[in-house]
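Reading through the structure tokens given below for one structure.
Readers should treat all values here as calculations from the given coordinates under stated rules, not as data from a laboratory. Remember, predicted model here, so these are calculated numbers, not experimental data. Using ideal geometry, Cβ is built from the backbone for each residue, glycine included, and neighbour counts are taken over all protein chains shown.
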Amino acid sequence: MVFESYAALGRTATVSTHLPALAEIGIDVGQDFPKPLTDDVVRAADAVVTMGCGDACPIYPGKRYLDWPLADPAGLDLDGVRAVRDDIRDRVEHLLAELTSAPPR
């Protein structure tokens, strides 16, 4: 089973506290950049996780959407960003466990 994730940018831009918080857990985003959530990406997805993008995200009938209400890391100190990062990690782990235990389509 293969999982791919795409990072899209909504209203929040990456700030200096985001990079160290991600680097602490082995995620190097130094050369990466957020991309828009395109129609093609949404069409290909089994699950679309949004984090408060509201009407800005494309919606397709039959797709599974999860909106995770998270604290906005903009303006948070490093400890606050760590808390958001850890919340996202926990939610991703739960979603992966759910997706891998589901019967095949």
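Quick notes on this structure:
- Sorted by Cβ neighbour density within 10 Å, fewest at the top, the residues THR100, THR50, THR38: THR100, THR38, THR50
- FRET E, pair LEU99, LEU19, Förster distance 41 Å, beta-carbon r, rounded to 0.05: 0.90
- Note on region 18-101: percent of Cα-Cα distances in each 5 Å bin, starting at 0 and stopping at the bin with the largest distance, equals 3, 12, 19, 22, 23, 15, 6, 1.
- Stretchable slack from VAL29 to ALA7, in nm (0.36 nm times residue separation minus alpha-carbon distance): 6.9 nm
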